[in-house]
Amino acid sequence: MKFISKSLKETAEAAKKILRQVSAEPRSKATVAALYGDLGSGKTALVQEVGKLLGIKEPIQSPTFVIMKRFEILASSEPKRGQKDLRFKSLMHIDAYRLEQASELEKLGWKEIISNEENLIFIEWPERVGKILPSGTLKVYLKFLDEKTREISFGEE
């Protein structure tokens, strides 16, 4: 599926479609979305819009320096814009840009994180840790077209 986004509102529509896709099938492990794209292509903006849809009130910023941030999805919060009964309890936002190899992510508890089906994980710069991404990872490609325009495409491989 492909979107051209010229605003945060249009990015939110792409986020809504991504959430629908990742919540469509029950899984026994965490759900992972790998975000591919150059600097400024909109990876963090997409995660911010997903967070809003899930009712997360905290500001979501790129975790470049801390590598990983966890956001609790409160059971009492109602997902916005038609999202129904999502099983996710945590949104994990990972930025692998500063990692040199997959083993560094493993040291941060990767095996435990992906073993919990209540985790929804968005990982920026997944090519740095690609060897440990689980099968069924949703691949999301973001492309900078101009100052106001991004291309967002996704599908499972």
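Every number here is computed from the coordinates shown, using simple stated rules; none is lab data. Everything quoted here is computed from the prediction, not taken from an experiment. Every residue, glycine as well, gets a Cβ built from its backbone with ideal geometry; the counts of neighbours run over all protein chains shown.
Antiparallel beta bridges, as assigned by DSSP with both residues in the stretch 4-157, represent about 50 percent of the total such bridges.
With contributions of -39500 (n - 2.57) from each DSSP H run of at least four residues, the per-residue ellipticity at 222 nm computed over the chain stands at -7000 deg cm²/dmol.
Couplings for the stretch 99-115, taken from phi via the Karplus curve 6.51 cos²θ - 1.76 cosθ + 1.60 with θ = phi - 60°, read 7, 9, 7, 4, 4, 5, 6, 4, 5, 8, x, 3, 4, 5, 4, 7, 7 Hz in order; Gly and Pro are left as x. Across the chain the C-alpha pair distances fall into 5 Å bins from zero in the proportions 2, 9, 20, 24, 23, 15, 6, 1, 0 percent.
Give me the net charge for the shell around S28: Cβ to Cβ below 12 angstrom, other residues only, Lys and Arg +1, Asp and Glu -1. Computed value for this residue: 0. The lysines whose alpha-carbon is closer than 20 Å to the alpha-carbon of K131, local same-chain residues fewer than 8 away aside, are K29, K107, K111, K139. Counting neighbouring beta carbons within 10 Å and listing from fewest to most, the residues M68, M1, M92 come out as M1, M68, M92.
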